[in-house]
1. Can you tell me which residues in segment 234-264 are assigned to a loop (DSSP other than H, G, I, E, B), in contact (Cβ under 8 Å) with a residue 60 or more places away in the chain, more than 19 Å from residue 94 (Cβ to Cβ) and touching a strand residue (DSSP E or B) at 6+ places or on another chain (Cβ under 9 Å)?
2. Go through (1) outside the structural domain of residue 293 (by TED's automatic domain parsing); (2) within 15 Å of the chain's Cα centre (by Cα) for residue 76 and report which single condition fails.
3. Can you tell which of 301, 275 is crowded, with 16+ Cβ neighbours inside 10 Å and out of contact with any strand residue (DSSP E or B) (no Cβ under 9 Å at 6 or more places or on another chain)?
4. So, restricting to strands (runs of 3 or more DSSP E) that lie completely within segment 115-187, which ones have at least 3 residues that are touching a helix residue (DSSP H, G or I) at 6+ places or on another chain (Cβ under 8 Å) and surrounded by 21 or more Cβ atoms within 10 Å (Cβ to Cβ)?
5. Considering only residues that are under 17 Å from residue 257 (Cα atoms) and surrounded by 24 or more Cβ atoms within 10 Å (Cβ to Cβ), which ones fall in segment 98-114?
């Protein structure tokens, strides 16, 4: 063998060794997690809790990047278009992965093809809240007013196509009336205006409003789950308030750009599963009104696919259109 083929072989071997070494050293730089909603909302709170637990357990460096807008589409589009190198992930949830593809006439990404579910995180219903100074003390009183003057009541949401928005539209349809939808860029701004009396009611993620309910600044009228939440045991379900079979829930799942290494997906899934199984983490999620979820990457993908089919039906039957 001549010198040049021998050198070429050595170069290839060195390159393979370096690549294997780099792969084995994962991660060797900060991992970015994109949250498609502003700080203080349900998606942000759950993501930061998970990141905190992952950071403590692994020693890895994580950076949370909030990119709100378009019902979660802007942030999820950023995830979908990121390099699939294992250093960019995002928090997918019901709106940006299951509702929006059936609601927006044109999506910037393909929710079924451009992102890969890595690990299920948590799910939760939404809570119907009004200001503590509101004249509405019960769901029945709110419904009576909404039916007496259709479109007169202002309903806040964390954005077009969010679970809170769809839940409110389902509520109005079942009540046989209409409400004036006021979308915000996230739960924080929506809650602020509800507290200030600029809007009448809001179907909110538990994390964003439970502290205000506990402090007496907001009044919870109902929850959208089939059963009452342990953290709000005195708050009835929508079904208890006369809305038969009423049930909606939000969920969060860690996703990555399509094309990411299956080995990295498996590694992250294992770390998320360990973090979520800690008693302290479970207690914190339950205290915020969340229900911890778990499963392999394959189970996460199956879960998301089933939810995409379910919300497609909800959007179609509710006849919801974007303003």
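1. Within segment 234-264, 235, 236, 241, 243, 258, 259, 260 meet the criteria.
2. (1)
3. Testing whether each residue is crowded, with 16+ Cβ neighbours inside 10 Å and out of contact with any strand residue (DSSP E or B) (no Cβ under 9 Å at 6 or more places or on another chain) leaves just 275.
4. Result: 115-124, 127-131, 154-157.
5. 98
For (1) within 21 Å of residue 289 (Cβ to Cβ); (2) outside the structural domain of residue 290 (by TED's automatic domain parsing), each residue gets a yes or a no:
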position	(1), (2)
102	no, no
119	yes, no
142	yes, yes
155	yes, yes
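The values are calculated or read from the model by the stated rules, or taken from the named source; none is laboratory data. Not measured: the values here are computed from a predicted model. Quick reminder, even Gly has a Cβ in these numbers, built from the backbone with ideal geometry, and neighbours come from all protein chains shown.
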